[in-house]
1. Quick one: which residues, 5+ away or cross-chain, put their amide H under 5 Å from the amide H of residue 68? H built at 1.01 Å from N.
2. Among 17, 42, 30, which residue has its Cα positioned farthest towards the positive end of the charge dipole of segment 13-68, with +1 placed on the Cβ of Lys and Arg, -1 on the Cβ of Asp and Glu, and the dipole taken about the Cα centre?
3. At 7 Å along Cα-to-Cβ for each site, give me the label-to-label distance between residue 49 and residue 71 in nm.
4. For an R0 of 22 angstrom, estimate the FRET efficiency from the Cβ-Cβ distance between residue 64 and residue 25 and round to the nearest 0.05.
5. Of [x] -0.53, -1.01; [y] -0.40, -1.25; [z] -0.71, -1.18, which one was derived for log10 I(q)/I(0) by the Debye sum over Cα atoms at q = 0.14, 0.25 Å⁻¹ from the structure shown?
6. Assigning unit charges at the beta carbon (Lys, Arg +1; Asp, Glu -1) and nothing else, what dipole magnitude in debye, to the nearest 20, does the chain show about its Cα centre?
7. Taking the mean number of other Cβ atoms within 10 Å as a proxy for protection, how do you rank 23-31, 49-57 from highest to lowest?
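Read-outs: derived from the displayed coordinates by stated rules, not from any lab. Because the structure is predicted, anything quoted here is derived from the model rather than measured. No Cβ is skipped: glycine too gets one built from the backbone with ideal geometry, and neighbour counts run over all protein chains shown.
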Amino acid sequence: METKTERQKLNRIKAVLAETGHTGKWLAEQLGKDPVTVSKWCTNTSQPDLYTFQNIASTIGVDIRELITSSDMQ
């Protein structure tokens, strides 16, 4: 089982929210999702599906590629 420090960071949702001045709570409200779910995405505990990634990108106003961690960054 992976520990928290070993978990791969597959998305940059938390970083992009910070860069754009938004919070996880704001994103949860915009998407109609439970804040706990968004928190899990922000900590890479779980991942949203691709459709949801597209909605997140559209809601924040960024390209979907900004939300995904590059394979050379891992």
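1. 12
2. Positive-most Cα among the choices belongs to 42.
3. In this crude label model, residue 49 to residue 71 measures out at 2.5 nm.
4. Working: r = 22 Å, r/R0 = 0.99.
About 0.50, to the nearest 0.05.
5. [y]
6. On the way: 9 positive and 9 negative charges, 37 e Å.
Once rounded to the nearest 20, the dipole reads 180 debye.
7. On the way: 23-31: 16.1, 49-57: 14.3.
Per-residue Cβ counts within 10 Å, averaged per peptide and sorted highest first, yield 23-31, 49-57.
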